[in-house]
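Report on the following structure.
Nothing in this text is a laboratory measurement; each read-out follows from the coordinates by a stated rule. What you see is a predicted model, and the numbers here were worked out from it, not measured in a lab. Cβ atoms come from the backbone with ideal geometry, glycine included; neighbour counts cover every protein chain shown.
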Amino acid sequence: MNYDSNKTACRGRRAFIYLCMGLAAVTLVWRAVCLQVLDKEFLLSQGEARHLRVVTLPAHRGMI
């Protein structure tokens, strides 16, 4: 292998890594948009259902 073919191979690898990282970044941004914009109402209702609850506790009192 000479220097020029090694340089070409490195350029191809670098382009592949950049492509993979760019695809991962686009995927993460798309998922964030889906969660924050498209599924907003569903996620809000799920959060409220898990956080806000009314529990009735009977008060057991003895004689004073």
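If you add up the charges near LEU19, with Lys and Arg at +1 and Asp and Glu at -1, over every other residue whose beta carbon is less than 15 angstrom from its beta carbon, what do you get? Could the numbers behind the result be given before it?
Working: positive: ARG11, ARG13, ARG14; negative: none.
With Lys, Arg at +1 and Asp, Glu at -1, the net is +3.
May I ask you to order 23-29, 50-56 by the average number of other C-beta atoms within 10 Å around their residues, highest value first? Present the calculation step by step, with values, prior to reporting the outcome.
On the way: 23-29: 10.0, 50-56: 5.9.
Order by mean packing, descending: 23-29, 50-56.
Dipole of the chain, Cα-centred, from +1 at each Lys and Arg C-beta and -1 at each Asp and Glu C-beta, to the nearest 20 debye? Can you show the working numbers first?
On the way: 9 positive and 4 negative charges, 44 e Å.
Value, rounded to 20: 220 debye.
Pick out, from HIS60, LEU44, CYS10, the residue whose Cα sits farthest towards the positive end of the charge dipole of the chain, with +1 on the Cβ of Lys and Arg and -1 on the Cβ of Asp and Glu.
Selected residue: CYS10.
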